[in-house]
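The values are calculated or read from the model by the stated rules, or taken from the named source; none is laboratory data. Here the structure is a predicted model, which is why all the values come from computation and not from measurement. No Cβ is skipped: glycine too gets one built from the backbone with ideal geometry, and neighbour counts run over all protein chains shown.
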Amino acid sequence: MPRVFSGIQPTGDPHIGNYFGAMKNYVRLGEEYGKNSIYCVVDLHAPTNPGAYDPARLAARTFEMALANMAVGLDPQKVIFFAQSHVPEHTELAWLFTVITPVGELERMTQYKDKAGQLESVPAGLLMYPVLQAADILLYKADTVPVGEDQVQHIELTREIARKFNHAFGETFPEPRAVLAKDALRIPGVDGQGKMSKSKGNTLGILEGFDSIWQKLRVAPTDPARVRRTDPGDPDKCLIGDYHKLFSDLPTIETVYVGCRTAGIGCVDCKKMLMEGIRRELTPVQERAAELQADPDRVRDALATGAREAREIAVPVMEEARERVGFLK
Ligand code: SF4
C-alpha cells in the first residue's frame, strides 16, 4: 500500500484554497490509506522565513492549523497526525541529507530564489528548507506526496536526495512522487487578482464568520460585461462562477450559468445563492471547530499520540540511516 506524507504549514486561518486544494484531500486519502497517511504541521519550517519570525504566535498557529484540519474531518485515530517539532528525527535526518546535497542545486530552487531575492542577509535555513522537506518525507519512506504546483520542484529534489543517499550508502529510501491537487491551482482570490493567498489578503477563511464572508463577496468583482442588470454575462469569466463550482449543487450551478448568460438573474442574487452553498459546506466545519476550541486538550492529546505513532516509524528508519552512514553504535 502506498504511504502518503504531507506537511501542513502552520499559517493559521486556513482559507478555501487550502480547504479544496489540500485539507479535503488529506481527509479523503486518510479514509483510503489509514495509518499509511501521515500528516504533520511543519512548524520547524516556519522560522526559515526571517520576515515571519513570530515566537508568540508560532505555537498558537500550529495549534490552530491542527484544530482546523481536525474540524474539516481529519481523524487522528485513522491517520498519523502530529507536529513536526515533536519528532526530533526530522532534523537528524535532515543533517545527513545536508551533507550530500550540493549547494548549487539548492540555490536553483525557484522558491529559494524568490524569497532570498527579497532579503539582505539570507539565513542558511532558508537554503536548507527543501533538505528538511526531503527528510520529512523520507523519514517515513513515503512514496506519495500530495502537493501544490509550487512544491513539485522540491519533490524532484527529494527524489534526487534519495538517489544520492542510496548511491552513497546503499539502497535505503524510495523515490517519492508528487500528486498534484488540481483544484488548488484554480481557486481565485476574492479580489479577482489571481490565486487566493494569505499574503495577498484576498482569502475567504473556512472558519471566518459568514457575515464577514458575505461582505467580501458582496463587493467581489464579476464579469465586467454585466454593466447593467440586463446585460448578459459569462460565468466562466467570473470568480463567483468559479466558486459556485466548488460550493453549489448541480441544479444551482445550472440556474446560475443559464441565468448569467441570459441576464435572467442579477449578480447579487447569484452571490446570495453562492452564500447558501458556502453556509451548507462550512457550517459543520465551523461547528466542529467550536467544539474543539472548547476542548483544546483533544487537539493537544491527538498531536501527542500522533508524535508517538510517527516515532514508531521514524526511529527505526533513522537507526537504519545512521547504520548505513557508519556511525559508531
Ligand atoms: Fe458572475 Fe453570477 Fe454575475 Fe454571472 S451572474 S457575472 S456568474 S456574479
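Residue count for the range 1-31 satisfying the condition of being farther than 19 Å from Asp43 by Cβ and assigned to a helix (DSSP H, G or I): 12.
Checked against (1) β-branched (Val, Ile, Thr); (2) closer than 30 Å to Lys35 by Cβ; (3) under 21 Å from the mean Cα position of the chain (by Cα), Thr110 passes all but condition (2).
Here Gln111, Gln151 are screened, and the one residue that is closer than 30 Å to Asp242 by Cβ, in a helix (DSSP H, G or I) and out of contact with any strand residue (DSSP E or B) (no Cβ under 8 Å at 6 or more places or on another chain) is Gln111.
The set of residues in the range 38-90 being within 14 Å of the chain's Cα centre (by Cα) and assigned to a loop (DSSP other than H, G, I, E, B) consists of Val42, Asp43, His45, Leu74. Right, Arg324: away from the ligand (no atom under 16 Å from the Cβ) and modelled with pLDDT of 95 or more or not? Yes: the conditions hold for Arg324.
For Leu292, the criteria (1) more than 16 Å from the ligand (Cβ to nearest atom); (2) surrounded by 15 or more Cβ atoms within 10 Å (Cβ to Cβ); (3) more than 30 Å from Glu89 (Cβ to Cβ) hold in every case but one, which is (3). Looking at the range 189-207, can you tell me whether even one residue there is near the ligand (Cβ under 10 Å from one of its atoms) and either touching a residue at least 60 places away in the same chain (Cβ under 8 Å) or not basic (Lys, Arg) (or both)? For the range 189-207, residues near the ligand (Cβ under 10 Å from one of its atoms) and either touching a residue at least 60 places away in the same chain (Cβ under 8 Å) or not basic (Lys, Arg) (or both): absent. Residue-level check: of (1) over 21 Å from Met23 (Cα atoms); (2) assigned to a loop (DSSP other than H, G, I, E, B), Asn202 misses just (1).
Ala142 falls short on exactly one of the conditions (1) small (Gly, Ala, Ser); (2) crowded, with 21+ Cβ neighbours inside 10 Å; (3) without any contact (Cβ under 8 Å) to a residue 12 or more places away in the chain, and that condition is (3). The set of residues from the range 46-81 being of a type in the set (Gly, Ala, Ser) and surrounded by 15 or more Cβ atoms within 10 Å (Cβ to Cβ) comprises Ala46, Ala66, Ala68, Ala71, Gly73.
State whether one or more residues within the range 26-44 are over 29 Å from Leu239 (Cβ atoms), in contact with a His (Cβ under 7 Å, 6 or more places away or on another chain), touching a residue at least 40 places away in the same chain (Cβ under 8 Å) and among the aliphatic types (A, V, I, L, M). Yes.
Looking at the range 261-283 only, could you name the residues that are within 12 Å of the ligand (Cβ to nearest atom) and assigned to a helix (DSSP H, G or I)? Result: Arg261, Cys267, Val268, Asp269, Cys270, Lys271, Lys272, Met273, Leu274, Met275.
Quick check on my filter: what residues within the range 230-260 are over 23 Å from Gly189 (Cα atoms) and within 8 Å of the ligand (Cβ to nearest atom)? Of everything in the range 230-260, just one residue is over 23 Å from Gly189 (Cα atoms) and within 8 Å of the ligand (Cβ to nearest atom), namely Gly259.
Number of residues in the range 249-290 that are of a type in the set (Asp, Glu), within 30 Å of Gln84 (Cβ to Cβ) and without any contact (Cβ under 8 Å) to a residue 12 or more places away in the chain: the value is 1.
Scanning the range 209-229 for residues that are exposed (fewer than 15 other Cβ atoms within 10 Å of the Cβ), more than 8 Å from the ligand (Cβ to nearest atom) and either modelled with pLDDT under 95 or farther than 17 Å from Arg186 by Cα (or both) yields Gly209, Phe210, Asp211, Ser212, Gln215, Arg218, Val219, Pro224, Val227, Arg228, Arg229.
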